[in-house]
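Comments concern the structure below.
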Amino acid sequence: MEKENLILLPGTLCDERLWDHQLRNLADFADVTVGDLTKDDSIEGMAKSILNNAPERFALAGLSLGGIVAMEIIRQAPERITKLALLDSNPYGPRPEQLETWDHFAAMIEEGRFSEITENHLLPNLIHSDRLNQKELTSMIINMSKQIGPEAYLRQLNALKARTDARERLKDIQCPTLLLVGREDTVCPIELHEEMANSITNSNLVIVKHCGHLSSLEQPEEVTNALKDLLLTDL
């Protein structure tokens, strides 16, 4: 059987390490690549960049910011997406308190305090509280943010600030769709994914136990198995 093309889209301040387990364990089922969401400062621009460098038809999975971009990609080119996975993501536009927080982070960057953002402000909400003492995991998350860097993060924040509400567009999605969320995800909670599941006709909701926002790192086997099941779904 010919392998499917699969593009994985990382979240804010994350790189291909977010998908390490999936890259290693889905290779038998798909030709897997990780998209770059660091060069553009709008969700629309990120989506166009991915499409410009993608195969004609492909499966698509995104986590958090990656999921937001994935929703825009399938809006721009629904005929090119064979299967879709939205992990720990959010179809709503930004809330006022989010805009305020992001402006604060931008000010911190201007003050030369970028290194404080992930460790002191983001990390406690990114993973299950039980994992905050797992040095290998937390160090990798911090190192990913350093690799992305302040300039790319500002572009990602600008994209998130200007994003539009995608809820109405979800009803147009026809391809098999996986909606996956950590049970303890406080950034993009279960309720958002239940709402998306109600809007997308051909969808499957998976709730991962003992898991926060970065599900592909916290419960990598469960995420990989869910993506494998999606890839093996008959069209």
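The values are calculated or read from the model by the stated rules, or taken from the named source; none is laboratory data. Computed from a predicted structure; not experimentally measured. Ideal geometry is used to build each Cβ from the backbone, glycine not excepted, and the neighbour counts take in all protein chains shown.
Observations on the model:
- Pick from segment 45-58, criterion surrounded by fewer than 24 Cβ atoms within 10 Å (Cβ to Cβ) and of a type in the set (A, V, I, L, M, F, W, C), ranking: farthest from GLY35 (Cα to Cα): PHE58
- Qualifying positions in segment 68-90 - farther than 17 Å from ASN5 by Cα and buried (at least 22 other Cβ atoms within 10 Å of the Cβ): ILE68, VAL69, MET71, GLU72, LEU87, ASP88, SER89, ASN90
- Entirely in segment 121-235, the helices (runs of 4 or more DSSP H) that have 2 or more residues that are touching a Leu at 6+ places or on another chain (Cβ under 9 Å) and acidic (Asp, Glu): 190-199, 220-231
- Whenever a residue of segment 17-39 is under 14 Å from VAL69 (Cβ atoms) and crowded, with 16+ Cβ neighbours inside 10 Å, its partners that are charged (D, E, K, R) and modelled with pLDDT of 95 or more, lying with C-beta atoms within less than 8 angstrom and at least six residues away or across chains, give the pairs VAL34/ASP15; VAL34/GLU16; THR38/ARG155.
- Scope segment 105-120; condition assigned to a helix (DSSP H, G or I) and over 26 Å from MET71 (Cα atoms); matching residues: ALA107, MET108, ILE109, GLU110, PHE114, SER115, GLU116, ILE117, GLU119, ASN120
- Residue match in segment 75-86 (condition: charged (D, E, K, R) and either under 28 Å from HIS210 (Cα atoms) or in contact with a His (Cβ under 8 Å, 6 or more places away or on another chain) (or both)): yes
- Filter result (more than 20 Å from the chain's Cα centre (by Cα) and not acidic (Asp, Glu)) within segment 132-154: LEU132, ASN133, GLN134, LYS135
- The residue that is nearest to GLN98 (Cα to Cα), counting only those in segment 188-205 that are aliphatic (A, V, I, L, M) and surrounded by fewer than 20 Cβ atoms within 10 Å (Cβ to Cβ), is ILE190.
- Here LEU227 does not qualify as modelled with pLDDT of 95 or more, surrounded by 24 or more Cβ atoms within 10 Å (Cβ to Cβ), among the aliphatic types (A, V, I, L, M) and in contact with a Gly (Cβ under 9 Å, 6 or more places away or on another chain).
- With respect to the conditions (1) over 16 Å from the mean Cα position of the chain (by Cα); (2) of a type in the set (A, V, I, L, M, F, W, C); (3) surrounded by 19 or more Cβ atoms within 10 Å (Cβ to Cβ), VAL181 lacks only one, and its number is (1).
- Taken over segment 27-76, the criterion of being in contact with a strand residue (DSSP E or B) (Cβ under 6 Å, 6 or more places away or on another chain) and aromatic (Phe, Trp, Tyr) is satisfied by PHE58 alone.
- Selection within segment 27-57 - out of contact with any helix residue (DSSP H, G or I) (no Cβ under 9 Å at 6 or more places or on another chain) and among the aliphatic types (A, V, I, L, M): ALA27
- Of all residues making up segment 83-129, the number that are among the basic types (Lys, Arg) and on the phi > 0 side of the Ramachandran plot: 0
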